[in-house]
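Just below is one structure, and these are the notes that go with it.
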Amino acid sequence: MPNRKPFLSHRAAGVLCSSVLFCASILGQSHTPPEPIPLWPNGAPGALGNEDVDKPTLTPFPAKGPSAVPTAVIVCPGGGYAHLAMTYEGYDVAEWLNHLGISAFVLKYRLGPKYHHPVELSDAQRAIRFVRAHAGDYGINPDRIGIWGFSAGGHLAASSGTHFDEGNPQSSDPIDHQASRPDFLILAYPVITLQDPFAHVGSRKNLLGENPDPSLVAQLSNEMQVTNKTPPTFLFHTTEDKTVPVENSIMFYSALRKAGVPAEMHIYLKGRHGVGLAPFDPVLRTWPERLADWMKIQGLW
């Protein structure tokens, strides 16, 4: 991790002061996103068809200009592992990251009930490997690649931070040589546990099926999988969230603290589930600024 700087520069402070207006300006825009890149050009492993839903992709939003920094974030939209909120939890987020000079890659991962674990995790791991393998092409440091997930996408991001490997140097595919561990996690109102009473039942069902093996449920309850190798993490949630209980974030934060992993958590009192960047909420719209503060202190921009 780069050297941490405890104070914001005048430039950084200016960026933060404009972030609320920027978030408001991008919400609801008609996006024409860049051309997506297939994660496996010759077909994804375990594909059950040849339709768009069978083809995981990354849509690149490279940062450009003098403000660009060598950091990248893979963005995982939520949707209960059944659909993807690609605009307000994907493309809007990528543009916000670009506003900070950070490159973004929006992940379209495969979904249930057609696909179950480990397919979704393999898509996220492949995305991390892909960005790391092509870091030089995008002006990114291979040790400054994070993953940001919302809701079920937060579960996928947290799973990437608790289930990873060092790559396979024997593979004929050079992308598979890369490690799949992200360097940092950003989790927005994330699904963390798949165990009752705080599980989001729909996400569990779509990811694991109707009657999953209890050992698999435990394996993918990420609060139980944290170690001292889990990446530094930022968490955002609201107490009022009736879809994914705030206990999900609290349990993950507590596990990170116990493991000695640097972590920051912001819990707001009011606010429904699925607010995205919340640009029009007079209180919640401040949460991306807290994230930008954290990323600056971590030396990420």
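The values are calculated or read from the model by the stated rules, or taken from the named source; none is laboratory data. In this text the structure is predicted, and so the values were computed from the model without any measurement. All Cβ positions, glycine included, derive from the backbone under ideal geometry; neighbour counts span all protein chains shown. Accessible surface areas use protein heavy atoms only, side chains included; no ligands, DNA or RNA. Shrake-Rupley method; radii C 1.70, N 1.55, O 1.52, S 1.80 Å.
When only C-alpha pairs under 8 Å and at least 6 residues apart count, what is the relative contact order of the chain, in percent? Don't skip to the answer; put the middle values down first.
Numbers: 621 pairs, mean separation 57.6, N = 301.
Value for the chain: 19 percent.
P(r) for region 155-301: what percent of alpha-carbon pairs falls in each 10 Å bin, starting at zero?
Values per bin, smallest distances first: 11, 36, 35, 15, 3, 0.
What list of ³J(HN,Hα) values in whole Hz, one per residue of region 56-69 in order, does the Karplus curve 6.51 cos²θ - 1.76 cosθ + 1.60 (θ = phi - 60°) give from phi, with Gly and Pro shown as x?
x, 9, 10, 9, x, 10, x, 6, 10, x, x, 8, 5, 10
Among 197, 56, 77, which one moves the most in a GNM of the chain with springs linking Cα atoms closer than 10 Å?
Comparing 197, 56, 77 in a Gaussian network model of the chain, the most mobile one is 197.
Taking Cα pairs under 8 Å and at least six residues apart, what relative contact order does region 86-154 come out at, in percent?
19 percent
Between residue 293 and residue 239, what's the calculated FRET efficiency when r is the beta-carbon distance and R0 is 30 Å? Round to 0.05. If you can, show how the numbers build up before the last one.
Working: r = 21 Å, r/R0 = 0.71.
For R0 = 30 Å, the calculated efficiency reads 0.90.
Taking H as built 1.01 Å from N, whose amide H comes closer than 5 Å to the amide H of residue 73, not counting residues under 5 places away?
103, 104, 105, 146
Over region 204-257, what is the relative contact order in whole percent, taking alpha-carbon pairs under 8 Å and six or more residues apart? All intermediate terms of the calculation are to be shown ahead of the outcome.
Values: 23 pairs, mean separation 18.7, N = 54.
Over region 204-257, the number comes to 35 percent.
What residue among 279, 66, 33 has the largest mean-square fluctuation in a Gaussian network model of the chain, using Cα springs under 10 Å?
For the chain, modelled as a Gaussian network with Cα springs under 10 Å, the answer is 66.
Once the dipole of the chain is set up with Lys and Arg at +1 and Asp and Glu at -1 on Cβ about the Cα centre, which of 80, 216, 139 lies farthest towards its positive end?
About the Cα centre, the residue reaching furthest to the positive side is 139.
Could you do me a favour and compute the accessible area per residue for the chain, 1.4 Å probe, result in Å²?
On the way: 12630 Å² over 301 residues.
For the chain, the solvent-accessible area averages 42 Å² per residue.
Please return the longest stretch of the chain lacking exposed loop sites, where GluC sites (Glu not before Pro) count only if DSSP places them in a loop and at most 10 other Cβ atoms lie within 10 Å. Write down the numbers at each step before the final one.
On the way: sites that count: 51, 166, 210.
Maximal segment without exposed cleavage sites: 52-165.
With the full set of protein chains in place, find how many percent of the accessible area of the chain is carbon and sulfur; take the probe as 1.4 Å. If you can, show how the numbers build up before the last one.
Values: 6930 of 12630 Å².
Roughly 55 percent of what the probe reaches on the chain is carbon or sulfur.
To the nearest 20 debye, what charge dipole does the chain have about its Cα centre, counting +1 at the Cβ of each Lys and Arg and -1 at the Cβ of each Asp and Glu? Mind dumping the intermediate values first?
Working: 24 positive and 27 negative charges, 140 e Å.
The calculation lands at about 680 debye.
Which links in 205/270; 242/270; 205/242; 108/229; 205/229 stretch past 23 Å when you go from one Cα to the other?
Numbers: 205/270 28 Å; 242/270 11 Å; 205/242 18 Å; 108/229 26 Å; 205/229 29 Å.
Over 23 Å Cα-Cα: 205/270; 108/229; 205/229.
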